[in-house]
Amino acid sequence: MARLPRLTLADLPHHIIQRGNNGAEIFVDAQDRQTMLDLLREMARRFDVDVHAYVLMPNHFHLLLTPRTELGLPQFMQAVGRSYVRYFNNRHGRSGTLWEGRYRCTVLQARDWLIPTMVSMDLNPVRAGLVPKAGDWPWSSYGASAGLRNDALVSPHAMFWTLGNTPFARDAAYVSAVDTGLSSDAQEQISHAAMRGWALGDSDFIEKLQQKTERRISRQRAGRPPKAPKTLS
């Protein structure tokens, strides 16, 4: 079956997954992870991409971002990928590909799916058994979203600001959302959409997106959004 072309659109959030070739580690130690974060920050500025959330796992990474131009996302990912592979191969005395093919990408309806996708990403290390709590994994944007630290890479999305009227309220609402977690159905929809390249949103969102491309962007129907975390006032 021919691969579907990736759907990338300016000013809409995208969930990105890039995996190591054959499940191999792409981060050996803290220096590798910090190098990736530095590259993400540099290339995000260069290609006008807002990074809302991230998590670096041993053999893959997730990004939640909004490109501000039509070509910003592919240029950003290409620049990050090439630069990191060159660094990684030189440092670890290896050659050849590091990535498992193309990065995976799905467009999200921010209203219903941006916060759940952030939660899913921050819980990834917990689901993998690496740490007991999301806050124990230092290589994600959870600390920034929970108000524990500043992170120059993270640009909060407008939906994040709806969680509360003050920074404290927003941070507390997000911590509560992560502590509550996602239903198995919501997690499955996020994972499936990202791996298959389907857009994730309600029927109106899917219909409007479909008018912008000849590429089929949903399997059969739009997913039902999970219950959103309550806004604190």
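The values are calculated or read from the model by the stated rules, or taken from the named source; none is laboratory data. Small disclaimer: the values here were computed from a predicted structure and weren't measured. Reconstructed Cβ throughout: ideal geometry from the backbone, glycine too, with neighbour counts over all protein chains shown. Side chains are part of the model used for accessible areas, which takes the heavy atoms of the whole protein and leaves out ligands, DNA and RNA. Shrake-Rupley method; radii C 1.70, N 1.55, O 1.52, S 1.80 Å.
Just a few scattered comments:
- When we screen 179, 204 for residues that are at pLDDT 90 or above, open to solvent by 70 Å² or more (accessible area, probe 1.4 Å), within 23 Å of residue 143 (Cα to Cα) and not small (Gly, Ala, Ser), the only hit is 179.
- Test: residue in the stretch 54-66 that is touching a strand residue (DSSP E or B) at 6+ places or on another chain (Cβ under 8 Å), of a type in the set (S, T, N, Q) and surrounded by fewer than 20 Cβ atoms within 10 Å (Cβ to Cβ): yes
- Residues of the stretch 163-189 classified as among the aliphatic types (A, V, I, L, M) and farther than 17 Å from residue 15 by Cβ, total: 5
- Within the stretch 131-163, the set of residues being surrounded by fewer than 21 Cβ atoms within 10 Å (Cβ to Cβ), touching a Gly at 6+ places or on another chain (Cβ under 8 Å) and under 18 Å from residue 38 (Cα atoms) comprises 143, 149, 151.
- Within the stretch 115-141, being of a type outside the set (A, V, I, L, M, F, W, C) and either free of Cβ contacts under 8 Å to residues at least 40 places away in the same chain or farther than 24 Å from residue 169 by Cβ (or both) holds for 124, 125, 127, 129, 132, 133, 135, 136, 138.
- Subset of the stretch 16-52 [of a type in the set (Asp, Glu) and either within 19 Å of residue 69 (Cβ to Cβ) or within 17 Å of the chain's Cα centre (by Cα) (or both)]: 38, 42, 48, 50
- Qualifying residue in the stretch 9-27 (condition: in contact (Cβ under 8 Å) with a residue 12 or more places away in the chain, of a type in the set (Gly, Ala, Ser) and farther than 29 Å from residue 127 by Cβ): yes
- Residue match in the stretch 33-51 (condition: touching a Phe, Trp or Tyr at 6+ places or on another chain (Cβ under 6 Å) and among the charged types (D, E, K, R)): yes
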